[in-house]
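Notes for the one structure printed next.
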Amino acid sequence: MKPLLSLLILLVSFSVFAQEVDLEKNIQSLKTKIQQSEKGEKLKWMDSLSNSIAFDTSFENDSIVLATRNYAIELDSFDIAIHQTANLIYFQNNIKGAPQKGKELYLQNRKYLPKVNNNIVKCKFYYDAASGLFYLSEFEESLQLFDSVYYWAEQENNSKYIGRSKLGKGQVFTDMGDFGNASITLQDAIRYFQKIKDTSSLNDTRNSLAILYSKNRFYKEAKAERDEIIKQSLATENYDNLPSFYYNAAGDEKNIGNRKGQIDYLNLALESSRKSRFIALFL
């Protein structure tokens, strides 16, 4: 068994290494294309590079994304400009833990929205902005922007952003203490994410439902939801939201008087945060 286990570990490690090498090659190739092109073609490669940095890497630096956004405005390419601005808002909200800066980006760039043709770009921009306002506890404004996400997503029959708009509103309703609306809205979001088999968003929604249960002292129900999403996250090595799952579980253990359980979950939250892209939010 031991030789077989060692072989499996070696194969997995090689696969991860190969993926990292391929990603680095792609990034270097895009940088070369940017240097060798101009105007619209250059912007196309800059946009591809920015998206690769935002979605395929740990997104540790936003300088290239900012340069892409600025160049897109210079060329009047507002679909790209607003899409990359949304990536910048996401960076401030979730990587740097600075939602106030994300809000400033939203306020500075919303004037370009009438020039945007792609409705899904509008969805992303409004969603990332609404999330930042939620983090700042600006609930009414956040709800309005989540409604804008829903409006534009409905125009495209886009279940992903319809679900995300409902997830966001459910989280806002929970923090506002409107538990009835929170439960209805989160259950709606779950149905949309199940429809498109979006496991990551489904887990986020179930975690929000667990928080709602906890606020109403339904600790058994909250634990059942949370145990399942922790299990799925570990199985898929999705560490981004594990710290918050564990941290919320620690809060419940504290509420029921189990100090040992609280400490155990806090240790797990700390350990998993080191593997998360959102480490700045947890440490």
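Just checking, does segment 33-42 include any residue being open to solvent by less than 10 Å² (accessible area, probe 1.4 Å) and either farther than 19 Å from G168 by Cα or in contact (Cβ under 8 Å) with a residue 24 or more places away in the chain (or both)? Within segment 33-42, none of the residues are open to solvent by less than 10 Å² (accessible area, probe 1.4 Å) and either farther than 19 Å from G168 by Cα or in contact (Cβ under 8 Å) with a residue 24 or more places away in the chain (or both). Of the candidates F139, F146, the single residue that is among the aromatic types (F, W, Y), within 24 Å of N216 (Cβ to Cβ) and buried (at least 22 other Cβ atoms within 10 Å of the Cβ) is F146. Considering segment 233-242, the residues that are surrounded by 15 or more Cβ atoms within 10 Å (Cβ to Cβ) and touching a Lys or Arg at 6+ places or on another chain (Cβ under 9 Å) include one that is modelled with the highest pLDDT, namely L242. Cβ-Cβ distances below 6 Å connect the following pairs, each with a first residue in segment 98-118 that is more than 19 Å from A72 (Cα to Cα), a second residue that is open to solvent by 30 Å² or more (accessible area, probe 1.4 Å) and of a type outside the set (S, T, Y), and a separation of six or more residues or different chains: P99/L136.
Quick grid of which residues meet (1) in contact with a Gly (Cβ under 7 Å, 6 or more places away or on another chain); (2) under 25 Å from S244 (Cβ atoms):
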{"site": "T68", "(1), (2)": "no, no"}
{"site": "I80", "(1), (2)": "no, no"}
{"site": "Q84", "(1), (2)": "no, no"}
{"site": "G97", "(1), (2)": "no, yes"}
{"site": "S131", "(1), (2)": "yes, yes"}
{"site": "E156", "(1), (2)": "no, no"}
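Only one entry of S165, S137, S131, S159 meets the criterion of being farther than 24 Å from Q194 by Cα and either small (G, A, S) or in contact with a helix residue (DSSP H, G or I) (Cβ under 7 Å, 6 or more places away or on another chain) (or both), and that entry is S137. Of all residues in segment 46-77, those being hydrophobic (A, V, I, L, M, F, W, C) and open to solvent by 50 Å² or more (accessible area, probe 1.4 Å) number 4. The residue list R217, R226 contains one member that is charged (D, E, K, R), within 28 Å of I95 (Cα to Cα) and in contact with a helix residue (DSSP H, G or I) (Cβ under 9 Å, 6 or more places away or on another chain), which is R226.
The selection criterion, being in a helix (DSSP H, G or I), open to solvent by 30 Å² or more (accessible area, probe 1.4 Å), among the hydroxyl-bearing types (S, T, Y) and within 30 Å of Q232 (Cβ to Cβ), holds for S183. At least 2 residues being modelled with pLDDT under 95 is the threshold, and among the helices (runs of 4 or more DSSP H) wholly inside segment 39-129 those reaching it are 39-56, 63-74.
When I229, I263, I211 are screened for being within 28 Å of K160 (Cβ to Cβ), assigned to a helix (DSSP H, G or I) and open to solvent by 30 Å² or more (accessible area, probe 1.4 Å), only I211 passes.
The values are calculated or read from the model by the stated rules, or taken from the named source; none is laboratory data. No experiment lies behind these values; they were computed from the predicted model shown. No Cβ is skipped: glycine too gets one built from the backbone with ideal geometry, and neighbour counts run over all protein chains shown. Heads up: the accessible areas ignore ligands, DNA and RNA and are worked out on the full protein's heavy atoms, side chains in. Shrake-Rupley method; radii C 1.70, N 1.55, O 1.52, S 1.80 Å.
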